[in-house]
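As structure tokens, the structure follows; a few thoughts come after it.
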Amino acid sequence: MGGHTPRDDNNAQGEGVHEIDELPDDKLIERVEFGDEQSFAVLVGRYRVKALHVAYGILQSRADAEDAVQEAFIRIYRHLGKFRGTGCFSSWLYKVVVNESLRLLRTRRLASTKTESYSPPGATADKDTEAILVVKQCLSDLPIKYRTVLALRAIKELDYAEIAGIIEAPVGTVRSRLNEARRLFAERWKELMGDEV
Amino acid sequence: MMRCKQARKLFSVYLDEGLSLGEAQDFEKHLSACAGCREQLESWQKAGAALTAALDADAVPSTSLEEFVSACRSGEIQPVGSLGRLVQRLSAPRRVVAATVAGSFALTFALILVFWAASLSTSPLDKELSVYSNRFGPANVLALGDPNRAGEEEW
């Protein structure tokens, strides 16, 4: 399920667990509204990596994903007052991240810049780099609607109902779309990996 | 007995442990008898693991948390609480224009109201005229202050 479980999240500040790190999202939001920037930093630390995974799944570029996540957090911070009492903070955040990623994807397409694409590994490419390139290629070959649900599910935090809320589709659609996304992804991955599978 | 087509529609939910007990039992029964579905499910699991590994390895922040929060701040972030919210509202150019226009309308409306209210209220001179009018009638009041008619009437 979405929402925050303090002990499960990485402490991005690299410090011990303080009282503020233990606060639930809604308490942190209240504090941010009164100008407490440290609470905002805790929220960012709690969700930044997962948000980055979602954006990366859609954009396949770390730099673009970081831009999308930063823009999402800026928007979140500016409109925090609108969130109060309207559901799960993490779902709202991921929705903004998806929207920002899609917006960036459109901009990137308009600018006709190409992302790094997969090419058969050269002698210098190590196995990890190759595995990452294969995954990126598989994701970019997927239609956007499939890679979005795949990215949202890949962070292992959101259930089908929450994903449905984020992409504004029925739960049944999420279920079938995710099944199709995984099938297409696995087929393409097998194709690119060849004998190594 | 579940067929391959049915089973393959459930792969994703099975991997997410979302099947009911009965569905899971039927599904696993099919898997144990179907090498094709077993192989396909295995490739889904491997591809899923590759995706997770790629995200963990490559989708990592390139900046520290402090740098990131500071970068968010330089994106014109303003505190959203109490006074901060007002500051934020006024900081955006569009909002400044909107606030100025709304303020001008409000001020104009207020001035109109004040003048209108003033015109309705009774001035000291009106009160005085009213007293005379009651005492002597309209004709006498008309004569007040008129030097040509002075003395025509005796008070």
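The values are calculated or read from the model by the stated rules, or taken from the named source; none is laboratory data. These figures come from a predicted structure and were not determined experimentally. Cβ atoms come from the backbone with ideal geometry, glycine included; neighbour counts cover every protein chain shown.
Every residue in region B:1-40 that is among the hydrophobic types (A, V, I, L, M, F, W, C) and facing chain A (nearest Cβ under 9 Å), please. Result: B:LEU10, B:PHE11, B:VAL13, B:LEU15. All conditions in (1) modelled with pLDDT of 95 or more; (2) over 18 Å from A:VAL149 (Cα atoms) hold for A:TYR94, with the sole exception of (2). Counting the residues of region B:13-36 that are part of a loop (DSSP other than H, G, I, E, B), acidic (Asp, Glu) and surrounded by 14 or more Cβ atoms within 10 Å (Cβ to Cβ) gives 1. Under the condition of being surrounded by 24 or more Cβ atoms within 10 Å (Cβ to Cβ) and among the aromatic types (Phe, Trp, Tyr), which residue from region A:46-81 is nearest to the other protein chains (Cβ to nearest Cβ)? Filtering region A:46-81 for residues that are surrounded by 24 or more Cβ atoms within 10 Å (Cβ to Cβ) and among the aromatic types (Phe, Trp, Tyr), the one nearest to the other protein chains (Cβ to nearest Cβ) comes out as A:TYR56. Within region B:43-52, being hydrophobic (A, V, I, L, M, F, W, C), at the interface with another protein chain (Cβ under 7 Å from one of its Cβ atoms) and either over 15 Å from A:LEU192 (Cα atoms) or over 40 Å from the mean Cα position of the chain (by Cα) (or both) holds for B:TRP44, B:ALA47, B:ALA50. If you filter region A:140-176 down to residues that are in a helix (DSSP H, G or I) and at the interface with chain B (Cβ under 9 Å from one of its Cβ atoms), you find that the one that is nearest to B:LYS5 (Cα to Cα) is A:SER176.
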